[in-house]
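Undergrad: Supplied in structure tokens, the structure appears directly below.
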Amino acid sequence: MTPRRIEQFLATLAAELGTPARAYVTGAAAAALWGRVRPSLDVDLGIELKGPARHHSRAAWESVQHAVDRTTRLTGIPANVAEDIDRWGMITLLDYRRSSRLHRRFGALEVRLLHPANWSIGKLTRYLDPDVRDVVEVFRRQAIAPIRATRTWGHALRDSPASTAQFQFRRNVESFLQERGRAIWGASFDAGAAIATFRRAAAIREPFDRR
């Protein structure tokens with residue numbers, strides 16, 4: 001999916017919503033808007049209504065659903081939309097709203113992209129090969145410092161509710177740093193030091209048993 005098609009979707013959604021709102025774009029659509037283009041069938045985003053509409057949640061979200069459905073019919077692009085995208089996964093996206101970056105405005109719709117470090121949490125939770133490649137490419141294009149990434153991942157692990165997903169996320173992060181770190185940050189990248197930073201941020205004190 002190209003950035004042009006995604007922006008067509010967002011412009012159409014802004015017109016269909018007809019009320020001030022803020023959109024937080026994540027998933028492959030966010031990667032495309034950063035310049036990483038690969039096949040994607042939908043747009044993932046959070047919608048935060050502004051003004052009087054935010055005080056009438058049920059009725060307002062019926063209107064949001066209608067707007068999204070009509071936008072999909074007009075553009076041919078399906079969407080996954082929620083008020084709080086942090087509820088989509090077992091690992092928290094932390095302060096994704098505050099740390100997000102303004103992309104552009106379409107009328108009364110303010111479009112923001114998750115910071116790449118927060119965005120990557122969902123990718124590393126799933127850890128499919130296309131997700132891993134997305135993180136590598138986006139981090140290279142956006143010059144994300146390893147300290148920012150590892151601390152964000154560690155804080156996400158620390159602040160998430162207890163679940164088996166925590167153990168898998170930890171394994172995924174440490175594998176990613178060992179196997180893909182140099183592809184992003186160069187030959188001098190020290191995976192061991194990065195993993196130590198991640199563990200400190202996550203408040204992990206014992207070695208990780210990979211058996």
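Read the figures in this text as sums done on the coordinates, not as results from a lab. Please read all numbers here as calculations on a predicted model, not as lab measurements. Cβ: placed from backbone, ideal geometry, glycine included. Neighbour counts: every protein chain shown.
Undergrad: Please report, in debye to the nearest 20, how large the charge dipole of the chain is about its Cα centre when each Lys and Arg carries +1 at its beta carbon and each Asp and Glu carries -1 there.
TA: The dipole of the chain has a size of about 480 debye.
Undergrad: By how many nm would the segment from Arg141 to Ala82 lengthen if fully extended, with 0.36 nm per residue of separation less the alpha-carbon distance?
TA: 18.5 nm
Undergrad: If you don't mind, another one. Using alpha carbon coordinates only, what is the Rg to Rh ratio of segment 121-191, with Rh defined as the Kirkwood radius?
TA: Rounded to two decimals, Rg over Rh is 0.95.
Undergrad: Can you run phi through the Karplus equation (6.51, -1.76, 1.60; θ = phi - 60°) for segment 81-91 and list ³J(HN,Hα) in whole Hz, with x for Gly and Pro?
TA: With coefficients 6.51, -1.76 and 1.60, one gets 10, 8, 6, 9, 6, 4, 7, 6, x, 7, 9 Hz.
Undergrad: R0 = 45 Å: FRET efficiency of Leu74 with Arg133, Cβ-based, nearest 0.05?
TA: Computed FRET efficiency for Leu74 and Arg133 comes out at 0.90.
Undergrad: Tell me the mean residue ellipticity at 222 nm calculated for the chain from its helices only (DSSP H runs of n ≥ 4, each -39500 (n - 2.57), averaged over every residue, nearest 500).
TA: -17500 deg cm²/dmol
Undergrad: Quick query: amide H of Arg104 versus all other amide H atoms, modeled in the peptide plane; which residues come in under 5 Å with a sequence gap of 5 or more or a different chain?
TA: Under 5 Å from the amide H of Arg104 lie the amide H atoms of Val111, each far enough along the sequence or on another chain.
Undergrad: Report the Cα centroid-to-centroid distance between segment 66-93 and segment 113-148 in angstrom, as an integer.
TA: Going from one Cα centre to the other spans 20 Å.
Undergrad: I want the local charge near His103. Using Cβ-Cβ distances under 12 Å, sum +1 for each Lys or Arg and -1 for each Asp or Glu among the other residues.
TA: It works out to a net charge of +3.
Undergrad: Here is a follow-up. Between Thr164 and His66, what is the spin-label point distance in nm, taking each point 7 Å from the Cα along the Cα→C-beta axis?
TA: Reported label-point gap for Thr164 and His66 is 4.3 nm.
Undergrad: Volume per residue, Å³, of the convex hull around the alpha-carbon atoms of the chain?
TA: In the chain, the Cα hull volume divided by residue count equals 121 Å³.
Undergrad: Pairing the Cα long axis of helix 146-159 with the longest principal axis of the chain, what angle in degrees results, from 0 to 90 and rounded to the nearest 10?
TA: 80
Undergrad: If you place +1 on the Cβ of every Lys and Arg and -1 on the Cβ of every Asp and Glu, how big does the dipole about the Cα centre of segment 3-115 come out, in debye to the nearest 20?
TA: 360
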